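Working notes for the structure below.
Rule-based calculations on the coordinates, nothing more; no lab input. It should be emphasised that the depicted structure is a prediction, and the values quoted were computed from it without experimental measurement. As a convention, Cβ positions derive from the backbone with ideal geometry for all residues, glycine included, and neighbour counts pool all protein chains shown.
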Amino acid sequence: MKVTEPAARRLSSLLEKQGRPQGALRVAVIGGGCSGLQYKMDLVDGPANRDIMVPTAGVRVVVDPKSALFVSGSVLDYSDDLQKGGFKVTNPNAVAHCSCGESFAA
């Protein structure tokens, strides 16, 4: 999983605010949403047992092995746009998306 510069800057800022400068972003794929799968993101202190840690763009992303199958090759971006701002995942493994953009099918 790659992280763009805007996403890396925002992630670093969030980790600093939480007092976790060495922390990471956990990205998981869970069941739910209109298309069947959705992303769950949390700030964590570091990887858990069996997690895959990806250092990219000066930040750390951790993914569990099951979720890694769905997010391999994805790009995490960030936008502060008022309407559709926030972290967004561009996933080449997704074969369908719901109209609101919050879930996907693989």
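Using C-alpha pairs under 8 Å with a sequence gap of at least 6, the mean separation divided by the residue count of the stretch 1-82 gives a relative contact order of 41 percent.
Amide H contacts of R60 (H built 1.01 Å from N, in plane; Pro and chain starts excluded): L25 sit under 5 Å, all sequence-distant by 5 or more or on other chains. What you get for the stretch 2-105, charging only the Cβ of Lys and Arg (+1) and of Asp and Glu (-1), is a dipole of about 120 debye around the Cα centre. Between amide H atoms placed 1.01 Å from N, distances below 5 Å from G36 occur with F104, all of them 5 or more places distant or on a separate chain. Proximity of backbone amide H atoms, modeled 1.01 Å from N, is registered between G46 and A24 at under 5 Å, excluding neighbours fewer than 5 places apart on the same chain. Between R50 and K17, the contour length at 0.36 nm per residue exceeds the alpha carbon distance by 9.2 nm.
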